[in-house]
Every structure is written in C-alpha cells, then in structure tokens.
Amino acid sequence: MDSNNNTLSEVKLITDPSEIKNVMEDDSIKKLFLKQHYNYECNSDNWGACKGQIFERVCVVLNPKTAELYDQGKLDELQPQTKSKFYVACTRTQTDLLFIRQNMIPKQYKRS
C-alpha cells in the first residue's frame, strides 16, 4: 500500500545543542511534551492534549523514561497511557517528526 502524499518528510533525533536551540526558537515547529509544557518558553502543548490537531512540523520532547526506552529500542514497554499519548504526539505532523531529549533543552527556555 502506498501513500497518496508525496511529501518528503524527516524523522530525526536531534542531539546537537545548536540544532536543539534552533528547534526551540522556531515557532513553526510545535514542541510536544508528555506533561507541563507550560514550563517552557516555546510553541508547545502536551502529548495527549494535541489529539485531533495537525501541525506542519512536530518535535516530540522525550522525558527521561521515554528517552531511555527510545535509546534501547523498547518504546513498546512504555506504560499503556504514556504509549497512547506518545502515539498521538508522533502522528500530529504533516511533514517532519523531530525528537529531542527533555534534559538537553537549555535552561534559557525553562520558565522559573
């Protein structure tokens, strides 16, 4: 089965600090957090709260536990509710799906 959509997309884990800074500052990229997105200065929402919405580009922010399972190739071991929210977050994009680790977000983007 093929897609009717011929758009080129990128799925990428970003680890370079300058690229993370660019993503955080790019308001055209929706940053999706497991919870408490309001603690960050950026265009963001929570994984589960974005259900039904579509964005041009999405960056899913990996909390520490999800990042650990991502690195191990064991995302299927996420808790059922977290796995459902992660699925929602990953399926909100029309084009690029980016991932960054929450603990790599520079402090300048965290609200006090």
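The values are calculated or read from the model by the stated rules, or taken from the named source; none is laboratory data. Please read all numbers here as calculations on a predicted model, not as lab measurements. Glycine also receives a Cβ, built like all others from the backbone with ideal geometry; neighbour counts cover every protein chain displayed. Surface areas here come from the heavy atoms of the whole protein model, side chains and all, with no ligands, DNA or RNA. Shrake-Rupley method; radii C 1.70, N 1.55, O 1.52, S 1.80 Å.
Restricting to region 62-108, name every residue that is farther than 16 Å from L13 by Cα and among the small types (G, A, S).
S84
Being small (G, A, S) and either in contact with a helix residue (DSSP H, G or I) (Cβ under 6 Å, 6 or more places away or on another chain) or assigned to a helix (DSSP H, G or I) (or both) is the filter here, so list the residues in region 8-51 that pass it.
S18, S44, G48, A49 - these are the residues of region 8-51 that are small (G, A, S) and either in contact with a helix residue (DSSP H, G or I) (Cβ under 6 Å, 6 or more places away or on another chain) or assigned to a helix (DSSP H, G or I) (or both).
Scan region 67-87 residue by residue and report those that are surrounded by 18 or more Cβ atoms within 10 Å (Cβ to Cβ), of a type outside the set (D, E, K, R) and under 16 Å from Q53 (Cβ atoms).
F86
Of everything in region 100-112 that's among the basic types (K, R) and in a strand (DSSP E or B), which residue is farthest from D27 (Cα to Cα)? Please lay out each step first, then the result.
From region 100-112, those among the basic types (K, R) are 101, 107, 110-111; that's our starting set.
Next, only the ones that are in a strand (DSSP E or B) stay: 101, 110.
Values: R101: 18, K110: 16 Å.
Out of the qualifying residues, it is R101.
Mind checking which residues of region 32-59 are in contact (Cβ under 8 Å) with a residue 40 or more places away in the chain and closer than 16 Å to F86 by Cβ?
L32, F33, L34, W47, G48, C50, V58, C59
Going through region 83-105 one residue at a time, which ones are within 9 Å of the chain's Cα centre (by Cα) and farther than 13 Å from V23 by Cβ?
F86, A89, C90
Suppose the filter is among the hydroxyl-bearing types (S, T, Y) and open to solvent by 30 Å² or more (accessible area, probe 1.4 Å); does S44 pass it? I'd like the intermediate steps shown before the answer.
Numbers: among the hydroxyl-bearing types (S, T, Y): yes; open to solvent by 30 Å² or more (accessible area, probe 1.4 Å): no.
So S44 does not fit the description; no.
Could you list all residues from region 56-99 that are assigned to a strand (DSSP E or B), among the aliphatic types (A, V, I, L, M) and in contact with a Leu (Cβ under 9 Å, 6 or more places away or on another chain)? Quick ask: steps written out before the conclusion?
Taking region 56-99 as the starting set, the residues that turn out to be assigned to a strand (DSSP E or B) are 57-62, 93, 97-99.
Still in the running and among the aliphatic types (A, V, I, L, M): 58, 60-62, 97-98.
If the condition is that a residue be assigned to a strand (DSSP E or B), among the aliphatic types (A, V, I, L, M) and in contact with a Leu (Cβ under 9 Å, 6 or more places away or on another chain), then V58, V60, V61, L62, L98 are the ones that fit.
Any chance you could count how many residues in region 18-41 are buried (at least 18 other Cβ atoms within 10 Å of the Cβ) and either more than 17 Å from R92 (Cα to Cα) or not β-branched (V, I, T) (or both)?
8
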